[in-house]
1. Any residue in segment 41-54 that's assigned to a helix (DSSP H, G or I): show its pairings with residues that are surrounded by 11 or more Cβ atoms within 10 Å (Cβ to Cβ) at Cβ separation under 7 Å, as long as the two are six or more apart or on different chains.
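The values are calculated or read from the model by the stated rules, or taken from the named source; none is laboratory data. Treat the numbers as computed from the prediction; the structure is a model and nothing was measured. Note that we place each Cβ from the backbone using ideal geometry, even for glycine, and neighbour counts take in every protein chain shown.
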Amino acid sequence: MPVSPRREKTRAGGAERGRAHAPPLSLRGRSDGGFCFFMPVICLLLMMLLFLLLLLLLLLLLLLFFFFLLL
């Protein structure tokens, strides 16, 4: 089986050619900081919801405490 001495390099297609000159992923809108840096508004809303649920639970515990204290 003869082997050719040099192989010609195939040219890259449109997608590969565009990707070769693209900036790295961290500069293309994605962040390495995790979910809160990637979607700050959704993260803030989730944190506010969790905080409100915690306050509601605390209020419920206080009401139960005073209810059983007054019985």
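1. Short answer, once both residue conditions are applied: 43/35; 43/36.
The rows are residues; the columns are (1) surrounded by 10 or more Cβ atoms within 10 Å (Cβ to Cβ); (2) modelled with pLDDT under 80.
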residue	(1), (2)
12	yes, yes
21	no, yes
24	no, yes
35	yes, yes
38	yes, yes
42	yes, no
46	yes, no
52	yes, no
57	yes, no
